[in-house]
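Notes for the one structure printed next.
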Amino acid sequence: MIDGVAARIEDDIITESEVRELAAFQTLVDGQAKPRAERIRELADQWVVSNEADVAQYHQPPPQEVDHAFDELLARFPSREDFEKRCATAGIGETAIRRILTEQLYLSHFIDYRFRPAAQVDQDQIEAYFKNELVPELKARNQQIPELGDVEDTIREILVQRAINLRSAQWLDETRARLKIDVMSQGDRE
């Protein structure tokens with residue numbers, strides 16, 4: 001069977017099978033797939049990050065990390081049988097799931113590697129998060145308020161992750177704007 005072209009990105013393509021496979025994975029994990037345009041954008045973003053990581057000769061995640069991610073996904077289901085039924089319904093197999101998990105780990109580790117050094121968090125930001133976000137959230141749930149010192153490292157990591165996400169989103173937006181990306185309508189397959 002000949003695969004269709006979903007989008008052209010620079011001198012490369014995103015295939016219809018990649019778009020369908022991502023839909024199947026999203027259906028398995030989230031219960032439904034994002035719209036086609038969002039899946040193509042996600043695959044284009046993955047293409048950008050992957051090319052950058054390849055140029056930097058960034059390493060693939062070790063197999064045991066992929067196994068752990070797979071086990072965590074499997075644990076979200078009541079049983080192995082339920083997981084397998086959901087896979088069959090979504091139209092995705094374990095090999096494809098492991099390939100997608102490997103790619104997700106590779107890309108997220110590279111994003112962390114690239115943007116973490118610039119994601120600095122100071123004590124004022126930690127205290128502001130504690131006072132303005134964590135305490136009100138815990139009060140709303142009628143939960144005990146911890147001492148700042150007990151949650152400081154967790155708050156620091158939350159704020160670092162926010163900074164990484166912000167910087168990576170800005171970088172992807174800027175990079176995407178410079179790329180030639182042509183999305184094919186579903187009727188324009190080649």
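Values quoted throughout were computed directly from the atomic coordinates according to the rules given, and no laboratory measurement underlies them. Given the structure is predicted, the values throughout are model-derived calculations rather than measurements. Because the Cβ atoms are built from the backbone with ideal geometry, glycine has one as well, and the counts that use them run over all protein chains shown.
Find the residue count for region 146-185, including only residues that are basic (Lys, Arg) and surrounded by 16 or more Cβ atoms within 10 Å (Cβ to Cβ). Break it down into steps so the answer makes sense when it comes.
Filtering region 146-185 down to residues basic (Lys, Arg) leaves 156, 162, 167, 176, 178, 180.
Those left that are additionally surrounded by 16 or more Cβ atoms within 10 Å (Cβ to Cβ): 156, 167.
Adding up the residues that qualify gives 2.
Quick one: in region 126-166, which of the residues that are in contact (Cβ under 8 Å) with a residue 12 or more places away in the chain and of a type in the set (Val, Ile, Thr) is farthest from residue 116 (Cα to Cα)?
Only one residue fits best here, namely 151.
Can you give me the ranges of the helices (runs of 4 or more DSSP H) entirely in region 1-96 with at least 1 residues that are under 20 Å from residue 176 (Cα atoms)? Can you show your working first?
Details: elements: 16-30, 36-55, 63-74, 80-90.
Passing ranges, in order: 16-30, 36-55.
State which residue is nearest to residue 95 (Cα to Cα) when the search covers only region 29-71 and only residues that are of a type in the set (Asp, Glu) and touching a helix residue (DSSP H, G or I) at 6+ places or on another chain (Cβ under 9 Å). Break it down stepwise before answering.
Applying the first criterion (of a type in the set (Asp, Glu)) to region 29-71 yields 30, 38, 42, 45, 52, 54, 65, 67, 71.
Cutting the leftovers down to touching a helix residue (DSSP H, G or I) at 6+ places or on another chain (Cβ under 9 Å) gives us 42, 45, 52, 65, 67.
Details: 42: 20, 45: 22, 52: 25, 65: 15, 67: 12 Å.
This residue is 67.
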